[in-house]
1. Under the Kirkwood approximation for Rh and a Cα-based Rg, what ratio Rg/Rh is obtained for the range 206-355?
2. If each residue's Cβ is checked for other Cβ atoms within 10 Å, how do VAL169, VAL317 rank with the fewest at the top?
3. By its C-alpha gyration tensor, with a ≥ b ≥ c as the square roots of the eigenvalues, how is the chain shaped: rounded for a/c under 1.5, else prolate for a/b larger than b/c, else oblate?
4. Hey, which of these cross-link pairs are over 32 Å Cα-Cα: LYS352/LYS396; LYS308/LYS369; LYS266/LYS308; LYS402/LYS452?
5. If you place +1 on the Cβ of every Lys and Arg, -1 on the Cβ of every Asp and Glu, and leave all else neutral, what size is the dipole of the range 461-548 about its Cα centre, to the nearest 20 Debye?
6. Restricting to the range 461-548, what percent of DSSP beta bridges are antiparallel, rounded to 5?
7. Charges on Cβ only, +1 for Lys and Arg, -1 for Asp and Glu, centred on the Cα centroid of the range 461-548; of ILE484, MET534, ASN469, which one is farthest towards the dipole's positive end?
8. Assign one of three labels to the range 461-548, namely rounded, prolate or oblate, based on the Cα gyration tensor with a ≥ b ≥ c the square roots of its eigenvalues; rounded applies when a/c is under 1.5, prolate when it is not and a/b is larger than b/c, and oblate otherwise.
Amino acid sequence: MGKKIKGLHFVPVGGCSEVGMNLYVYIYDDQWIVTDMGMGFDGAFGRELVIPSPMELVKNKSKIKALFITHSHEDHIGAIPYLWPLIECPIYARPFAVEMIRDKLSNFELESKVPLIKAALNKKIEIGNFSVEFISVAHSTPESSALAITTPEGVVLHSGDWRIDDDPVFGSKTDEEKLKQYGDAGVLALVCDSTNVFRDHQFGTEKDVRKNLIDLVKQYKNNRILITCFASNLARLESCYLAAKESGRQLVIVGRSLKKIERIAKLSGYFSEIPAFLDEKKAASLDPSNALLVCTGSQGEVNSALSKMVNDAHKSVRLASDDVIFFSSRVIPGNEKSVMEIQNMLAERGVKIITSVDYEIHASGHPSKNELEHLYELVKPNVLIPIHGGKLHLYKHAEIAKEYGIKNILVPNDGDLIKMSEGKAEVIDNFHVETLGVDGTKLIPLNSVVYKQREMLSHNGVVSVCLKNHRGSIKLHDLVCIGIFEESEQEEVTDVRDNIAAEIKLSLNNTARDRSDVNKIKNQTEKLVRSVFMDVRGKKPVVIVHVSD
């Protein structure tokens with residue numbers, strides 16, 4: 001995309017191949033604005049966090065006028081500390097999201113370098129060829145917004161994550177009147193959340209969840225109760241507090257992200273009437289019938305508080321067989337296996353498990369089919385572009401829109417350059433995008449040599465061979481095997497060591513023409529070691545050879 005781009009265009013850099021990694025670009029006459037900058041979660045071995053590649057953003061850094069954030073979830077802000085230093089533009093977000101972003105940036109010593117601007121609702125922000133207005137929408141974290149992006153070509157409504165909740169217990173409802181005003185004036189395109197397209201009817205509300213949590217906690221009078229939920233759902237945390245209060249229990253929060261959220265919530269003016277939650281160190285001193293623990297780990301995350309508990313690795317909390325745990329959450333697509341594993345471990349310990357399948361103790365923050373149709377009615381878009389989901393979600397969303405009567409529908413791929421004009425949208429080009437893994441402090445492509453090597457290590461193990469080359473006589477000095485033998489197989493290790501020593505003596509000392517050529521010695525040793533392990537274990541391990549005099 002080196003050439004100048006005329007007119008209005010939309011590019012999903014991430015967010016159209018899976019649930020997560022939301023990053024979208026709007027372009028008008030070669031001026032760019034970016035919407036959201038999120039990360040995804042990867043269950044592959046050796047990886048946990050992934051982000052979209054910033055390659056095209058970096059190439060066009062001078063054209064980027066601003067980054068607009070719809071809300072504070074990780075799949076919308078998680079990549080900012082990694083990608084912002086590469087583009088360095090102002091960031092506009094609602095106050096709660098600003099504080100969440102600032103906290104993330106502090107871990108990278110960037111908080112003083114990034115221009116974070118608190119955006120007000122229903123007030124247009126003029127940025128070059130764009131005018132952007134934040135519109136309140138209901139979601140599972142405070143101050144979520146849709147964006148009305150006005151350009152000379154027309155208005156694009158970027159929905160963010162949203163749902164209809166006419167009576168939220170926490171935060172604001174979706175501003176249907178404002179959306180209708182834009183619809184009546186004319187909306188060129190609706191770029192819209194697709195997460196819950198397979199749900200025909202609206203989920204229950206947070207008010208329903210609150211009532212059910214309070215009622216359920218009261219039922220288990222003599223048990224210690226744990227609730228695991230998304231840390232960023234302040235309404236759910238408030239519901240947990242009310243459930244504890246009404247049942248005469250003390251609320252204890254367990255997990256770093258919950259402590260962080262409590263601090264940021266109070267800093268942002270929330271939880272003002274709620275006393276400070278008890279620290280996890282207090283949990284052991286409480287009678288089980290007086291304790292309600294809220295913990296991280298609803299998605300089976302490896303380092304979460306719940307994961308540590310089931311593995312007896314938590315410093316303060318030990319699970320008991322008469323504990324009861326509520327999974328007040330949904331399973332994010334891709335996390336099914338890790339959630340099932342942690343629930344199996346809980347069941348083995350005798351812990352009673354209650355999920356949203358058993359009772360309505362979770363409310364989604366995303367729109368079902370009937371909510372999508374209600375938004376179409378309000379907005380009356382000429383064009384629909386589904387985002388925020390895997391391909392199955394996007395095509396199902398397109399099917400719903402077609403049945404409703406929207407004629408111009410475009411299902412995008414990550415990297416598509418989509419031109420919007422005269423009530424239609426079309427893909428006119430595509431640029432290469434890829435996913436990067438967060439590897440410590442570095443970003444590396446998922447197809448990189450590093451990840452390929454780690455996969456080999458995980459499948460085949462490692463053998464370290466140390467050789468002594470004394471006056472041309474090469475002997476095996478040491479052999480270390482990692483990830484190949486059990487501790488009880490010392491006899492097998494000895495046999496393999498003797499086998500390799502014999503092969504080295506036979507192959508290297510009898511056939512090597514130049515025993516001073518270290519590279520030849522290493523190459524031959526690698527081949528014979530892999531051959532031996534293929535014979536005895538059916539594996540070709542990674543072989544590391546050291547040669548010393």
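Laboratory data are not the source of any read-out in this text; all were calculated from the coordinates shown. The structure displayed is predicted, hence computed values, not measured ones. Quick reminder, even Gly has a Cβ in these numbers, built from the backbone with ideal geometry, and neighbours come from all protein chains shown.
1. Details: Rg = 14.2 Å, Rh = 15.3 Å.
Here the Rg-to-Rh quotient is 0.93.
2. On the way: VAL169 18, VAL317 22.
Neighbour counts put them in this order, fewest first: VAL169, VAL317.
3. oblate
4. Values: LYS352/LYS396 36 Å; LYS308/LYS369 38 Å; LYS266/LYS308 27 Å; LYS402/LYS452 43 Å.
Beyond 32 Å between Cα atoms: LYS352/LYS396; LYS308/LYS369; LYS402/LYS452.
5. Values: 14 positive and 13 negative charges, 133 e Å.
Roughly 640 debye, rounded to the nearest 20.
6. Values: 9 of 16 bridges.
Expressed as a percentage, antiparallel bridges in the range 461-548 total about 55.
7. Toward the positive end, the furthest listed residue is ASN469.
8. Working: a/c = 1.98, a/b = 1.88, b/c = 1.05.
Prolate.
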